[in-house]
Structures are given as C-alpha cells and as structure tokens.
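Notes to accompany the following structure.
Every number here is computed from the coordinates shown, using simple stated rules; none is lab data. No experiment lies behind these values; they were computed from the predicted model shown. Glycine also receives a Cβ, built like all others from the backbone with ideal geometry; neighbour counts cover every protein chain displayed.
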Amino acid sequence: MRSIAGTLAAPFPYFGGKANACEAVWQAFGAVDNYVEPFAGSAAMLLGAPDGKRIATINDADGFVANFWRAIAQDPEAVAHHADWPCNEVDLFARHSWLVRQTQDLTTRLHADPDWFDAKIAGWWCWGACNWIGSGWCAGQGPWIHDGEKIVDSRQLPHLGNAGQGINRKLQHLSAGQGINRKLPHLSAGLGINRQLPHLGNAGKGHPRRAYIMEWFGKLHDRLRDVRVACGDWSRVVKDSVTTRHGLTGLFLDPPYTLGAMDYAAGGVGGDLAAEVRSWCAANGQDKLLRIVLCGHAGEHDALIDAGWHTRTWTARKGYALTDEAVANSASETLWCSPHCVPKVADNFDLFDMAD
Ligand SMILES: C[S@@+](CC[C@H](N)C(=O)[O-])C[C@H]1O[C@@H](n2cnc3c(N)ncnc32)[C@H](O)[C@@H]1O
C-alpha cells in the first residue's frame with residue numbers, strides 16, 4: 001500500500017510514475033496554497049504530498065485515468081469490487097477488448113457530466129494494468145489487429161513472471177500474523193468514511209485480498225476526497241483560473257518525455273509535447289505565485305537554466321527498463337525548478353515539518 005518512497009501508492013504500475021521524486025519535488029514547492037498536476041497518470045506526486053491544507057487539481061488526457069480517480073473519489077468500494085479478480089488470461093484479453101471499445105463514449109460522458117464515472121471501467125482498468133506486461137494497456141485497438149485480410153493475434157501473456165504488481169502484490173504480512181489485522185486500528189480510527197468492513201469482523205468469510213484492496217481504495221478515497229479531477233489537454237489547467245487565482249501554486253509538469261519509450265493511451269510516444277511544455281515554462285516561470293517543477297531526462301530542458309531555473313536529480317525505479325539506453329535514462333531523471341521554488345535544502349530537511 002506504500003510506495004518505495006514510503007508514500008501512499010497508486011494501486012497500479014504506471015510508466016513514468018514519480019513516487020520516488022516526491023521528496024525532491026515537495027521540497028521545491030514548500031507550503032503552497034494550491035497544487036496542480038496536469039499530467040497525472042498514477043498521481044504519484046499528489047499521493048506523496050505532505051499533510052497540509054491546499055486546493056488540489058489533477059488532470060490527464062486519458063479518460064481511463066481520469067475515470068479511475070473520479071470513481072475512487074466517489075465510490076471506492078464499487079471500484080474495489082471490480083478490481084478484485086484473479087489473473088486469468090482470457091479475461092485479460094476479453095476485458096481489454098471491451099475496455100478499448102468504451103474509450104470514445106467514456107471521454108464524452110466524463111466531459112458531459114461532472115458527476116459521471118464508471119466503477120466497472122475503473123476497476124477493470126486497474127486490474128488489467130496490474131496484469132498486463134509492458135506498455136500499451138488500453139492504448140490501442142485491442143489484441144486482435146487487422147492486417148489486410150488477416151487477423152493477427154498480438155496477445156502477450158499476462159503478468160505471471162513474479163508475484164504480481166499493484167493490487168496483485170504479495171500480501172507479505174499475512175503469514176507473519178499481521179496483514180488485515182494489522183490494519184484494524186486504522187480502520188477503527190475512522191479512515192474511509194464510506195467504507196464497510198464486510199468480512200474483517202467475521203473470521204472465515206471472504207478473501208484477505210478483498211479486504212486489502214478495500215482498505216487501500218478507502219485510503220485513496222480519503223486522499224482524493226476534495227481533489228478536483230479534470231480530463232483533457234494539459235493547457236486547460238495551467239490557466240490562472242486553476243493556478244494563481246487560488247494563491248501560491250505548486251505546478252508539477254510531467255509530460256511524456258521527448259525520448260521516452262512510453263506508449264501512453266493519450267499522447268502516444270515522445271513527440272513535441274515536452275518542448276511545448278518547456279516553452280510554456282519559459283514564458284511563465286517568473287510569476288512569483290508559481291513554483292513550477294518540470295520533469296525530463298538530463299539536458300532535455302536545460303534551456304530554462306539561463307532564465308533562473310535550477311535542477312535537482314532523483315533516481316527512478318528501472319521497472320521494465322531492459323535495454324542499456326532505458327537503464328541510463330532511468331538514472332538521468334532530472335527536475336527543472338522555476339526561480340520562485342524553495343531553494344535546495346540540506347539533506348536532513350524534514351519534509352513533514354512544513355505542513356500547516
Ligand atoms: C509521464 S506520464 C505522468 C506520470 C505521473 N507523473 C505519475 O506519477 O504517474 C505522462 C501522462 O501524460 C498524459 N498525457 C499525454 N498527453 C497529454 C496531454 N496533451 N494533456 C494531458 N495529459 C497528457 C498521459 O496519459 C500520461 O498519463
């Protein structure tokens with residue numbers, strides 16, 4: 001339930017997830033009134049925020065991402081119900097095929113109605129992301145590709161190579177006599193206002209994984225409760241109506257990298273987006289009400305340094321990085337911090353001291 005960085009983890013693996021950068025980024029933001037994350041993905045930076053009162057907005061162009069976070073904010077138990085399913089290859093491809101056919105309608109409905117969400121799409125999307133190997137989950141047309149007259153089977157095996165990821169992770173503490181029992185004190189302390197504890201009080205009923213997922217999603221629900229979730233192009237949420245009108249704003253910009261190999265359902269692979277975001281940063285970095293952190297590989301945004309930006313580094317998990325180039329990229333992760341960010345601090349800085 002906790003990421004490697006010790007913060008609340010997203011329940012699915014995500015290419016380019018920034019959990020390990022949380023400490024460096026929040027040091028650069030300090031105590032802001034408002035937080036905006038236009039390329040949210042797994043929302044690692046939001047989930048890793050220190051406690052404190054602030055307005056928060058996340059956005060992603062991918063409707064599956066936005067629907068997941070909206071559904072978690074409104075009905076975590078229904079999402080958990082749909083996400084709780086064993087790894088089954090035929091289900092993975094059947095569900096993938098069904099999900100990609102929902103894409104267009106999903107985005108339209110998300111845009112048309114601010115209350116609308118689909119818990120089944122959210123749960124299945126999360127479950128599949130945990131079982132799918134590599135990139136491309138819900139990014140294309142499904143596993144059956146039409147090549148002229150032929151239908152090509154492009155399926156790959158689900159994630160069977162280890163004990164699993166995200167919600168499939170090994171329940172390490174159960175054999176040690178902890179697991180769900182260990183969590184009971186938190187539950188009785190009132191976390192997760194809508195959460196029911198269907199099986200925890202009744203030994204022998206239900207599966208511990210269900211309780212584990214329910215509790216995890218309940219915590220995510222608590223975290224997301226007052227966060228505004230948008231779905232669309234990043235440029236819509238960097239306007240002053242979303243940012244500086246709410247006071248001193250931390251703006252975390254993590255677009256697909258120029259040389260990235262990540263095939264996002266929205267935005268695809270690489271492209272000019274990172275350069276567009278850099279241009280926006282160059283034009284807005286001097287605003288005293290903005291503390292901006294932009295992510296990239298070493299050198300990618302060095303053009304900003306002449307305008308008073310400074311860099312910090314962090315190390316990403318290697319994840320699926322198998323090639324030498326991908327491993328080198330994971331070691332060259334860089335953050336460009338705008339001139340009004342908090343200056344770098346000593347190593348023994350306590351991130352949680354700055355909470356209001
Ligand atoms: C590098 S990932 C962000 C990862 C995220 N920081 C995390 O910790 O999981 C980039 C994200 O940008 C989204 N994206 C791509 N093009 C976009 C656009 N034009 N506007 C908003 N989001 C976009 C992708 O769907 C993807 O989730």
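Rg to Rh ratio, the range 43-132, alpha-carbon atoms and Kirkwood radius? Could you put the intermediate results ahead of the total?
Working: Rg = 14.0 Å, Rh = 14.0 Å.
For the range 43-132, the value is 1.00.
Output the pairs from Lys219/Lys344; Lys18/Lys288; Lys53/Lys288; Lys18/Lys120; Lys288/Lys344 with a Cα-Cα distance over 22 Å in this structure; if there are none, say none. Long pairs (Cα-Cα over 22 Å): Lys219/Lys344; Lys18/Lys288; Lys18/Lys120. Given a Förster radius of 25 Å and the C-beta distance between Trp116 and Asp226 as r, what FRET efficiency does 1/(1 + (r/R0)^6) yield to the nearest 0.05? The computed FRET efficiency comes out at 0.85.
Each of the peptides 123-131, 302-310 was scored by the mean count of other Cβ atoms within 10 Å over its residues; in descending order, highest first, they stand as 123-131, 302-310. Between Ala307 and Arg109, the simple label model (points 7 Å from Cα in the Cβ direction) yields a spacing of 4.1 nm.
Would you mind calculating the relative contact order of the range 1-145 from Cα pairs under 8 angstrom and at least 6 residues apart, reporting the percent as a whole number?
Working: 176 pairs, mean separation 34.4, N = 145.
Computed value for the range 1-145: 24 percent relative contact order.
Taking the centroid of alpha carbons for each part, the range 277-305 and the range 26-86 are 23 Å apart.
Taking only the alpha-carbon atoms of the range 1-85, what semi-axes of the equivalent ellipsoid follow from 5 times the gyration tensor eigenvalues under a square root, in whole Å, largest first? Please report the intermediate quantities before stating the final value.
Numbers: eigenvalues 99, 43, 31 Å².
Over the Cα atoms of the range 1-85, the semi-axes work out to 22, 15, 12 Å.
Peptides 60-66, 253-259, ordered by how many other C-beta atoms sit within 10 Å of their residues on average, highest first, read 60-66, 253-259.
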